[in-house]
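*Asks:* Questions regarding the structure given below will be posed in turn.
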Amino acid sequence: QVQLVETGGGLVQVGGSLRLSCAASIRISSIYVMGWYRQVPGKQRELVADVSSGGLRNYADPVKGRFTISRDNAKNTLYLQMNSLKPEDTAVYYCNAAFNGWPYWGQGTQVTVSS
């Protein structure tokens, strides 16, 4: 079982920055892929970015060049640095971990970008 706790969401103006954190209950060095997803009401949850244990990063086109995903194995924490935020980035952001063939999700953190 993996527990994931996201923090760092909030209200920010257009062009601002936020950093999301996701603390895991186990050593994340044993988790092959961790990622961030987001969801707005009435739409499917979508991938924002993910990173493998080997450091390979993958970003959704809308966030390329603005968001950076990273993982700190020593702190068992996944991060998402979000810069140049836009109103369309408003969503609930979820942390995800694929461990032993199962997907695990955090409770989500709200990010609201005001224009």
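The values are calculated or read from the model by the stated rules, or taken from the named source; none is laboratory data. Everything numeric here is computed off the predicted structure, so don't read it as measured data. Backbone-built Cβ (ideal geometry, glycine too); neighbour counts: all protein chains shown. Accessible surface areas use protein heavy atoms only, side chains included; no ligands, DNA or RNA. Shrake-Rupley method; radii C 1.70, N 1.55, O 1.52, S 1.80 Å.
*Asks:* What ³J(HN,Hα) values, in whole Hz, does the Karplus curve 6.51 cos²θ - 1.76 cosθ + 1.60 give for segment 31-41 when θ = phi - 60°, with x put for Gly and Pro?
*Replies:* 9, 5, 10, 10, x, 10, 10, 9, 8, 10, x
*Asks:* I want to make sure I understand the PRE zone here: with the label point 7 angstrom from the Cα of residue 46 toward its beta carbon, which residues in segment 89-109 have backbone N atoms less than 11 Å away?
*Replies:* Answer for segment 89-109: 89-90.
*Asks:* Comparing 80, 47, 56, which has the greatest mean-square fluctuation in the GNM of the chain with Cα pairs linked when under 10 Å apart?
*Replies:* Per the Cα network of the chain with a 10 Å cutoff, 56 tops the list.
*Asks:* Right, here's the next one. Could you pull out every one of the lysines with an alpha carbon less than 23 Å from that of residue 43, ignoring same-chain neighbours closer than 8 positions?
*Replies:* Those lysines meeting the cut-off are 64, 86.
*Asks:* Moving on to the next point. Taking the Cα centre as origin and putting +1 on Lys and Arg beta-carbons and -1 on Asp and Glu beta-carbons, what dipole magnitude results for segment 6-84, to the nearest 20 debye? List each step's numbers first, then the result.
*Replies:* Details: 10 positive and 5 negative charges, 7 e Å.
With only Lys, Arg, Asp and Glu charged at Cβ, the dipole is about 40 debye.
*Asks:* Amide H neighbours of residue 85 under 5 Å, counting only residues 5+ apart in sequence or on other chains, H built in-plane at 1.01 Å?
*Replies:* 15, 16
*Asks:* Heavy-atom accessible area per residue, segment 1-111, 1.4 Å probe: how many Å²?
*Replies:* On the way: 5970 Å² over 111 residues.
Per-residue value: 54 Å².
*Asks:* How big is segment 22-115 by the Kirkwood estimate over distinct Cα pairs, in Å?
*Replies:* Working: mean 1/r = 0.0735 Å⁻¹.
Evaluated over segment 22-115, this radius sits at 13.6 Å.
*Asks:* While we're here: Which whole-number percentage describes the relative contact order of the chain, with Cα contacts under 8 Å and a sequence gap of 6 or more? Each step should come with its number before you reach the end.
*Replies:* Values: 282 pairs, mean separation 42.8, N = 115.
Over the chain, the number comes to 37 percent.
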